[in-house]
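So the structure is just underneath, and the comments pick up after that.
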Amino acid sequence: MEAEFIGLIKGNREAIWLRGLFSELERLIQGPIPLIGDNKGAINTAYNPKYYNRTKYTLLKYQGVKESITKGNITITYIPIGEIPVNRLIKALTPAKHKQFLRLLNLFRPYKLQKGFAAN
């Protein structure tokens, strides 16, 4: 869980940086920046840092996520690992999973082979 929480911390830092960049460009970001995570424990810790005692050293070293949530700068949503599109770029996929991945990215267009053409 510690690695996932550190990932949320890094995502929070990027969200703060993006908000500052857009502010300098005079293009304010309306509302919180959404972050997603696949670990419920890390998300619960982000919303309530005293949720787990064993993360206290990580929380002392890396702070700011709770404050960003409280200020409304970010929101963190749980999405199961199988539904996160970027994970499909680094894992081997069966043909069915490949089609599902293409649908998630809005890249799937069913087609029919014409007579005389072979599928590769």
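The values are calculated or read from the model by the stated rules, or taken from the named source; none is laboratory data. Here the structure is a predicted model, which means the values were calculated and not measured. Please note: Cβ atoms are built from the backbone with ideal geometry, for glycine as well, and neighbour counts cover all protein chains shown.
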| task | Go through the stretch 1-34 and count every residue that is under 16 Å from the mean Cα position of the chain (by Cα), in a loop (DSSP other than H, G, I, E, B) and at pLDDT 90 or above. | result | 1
| query | Among helices (runs of 4 or more DSSP H) lying entirely in the stretch 35-85, which contain 1 or more residues that are surrounded by fewer than 17 Cβ atoms within 10 Å (Cβ to Cβ) and at pLDDT 85 or above? | reply | 40-47, 65-71
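Would you please name the residue that is nearest to residue 82 (Cα to Cα), looking only at residues in the stretch 1-51 that are among the aromatic types (Phe, Trp, Tyr) and without any contact (Cβ under 8 Å) to a residue 40 or more places away in the chain?
47
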| said: Restricting to the stretch 10-37, give me the number of residues that are in contact with a helix residue (DSSP H, G or I) (Cβ under 6 Å, 6 or more places away or on another chain) and within 12 Å of residue 68 (Cα to Cα). | reply: 3
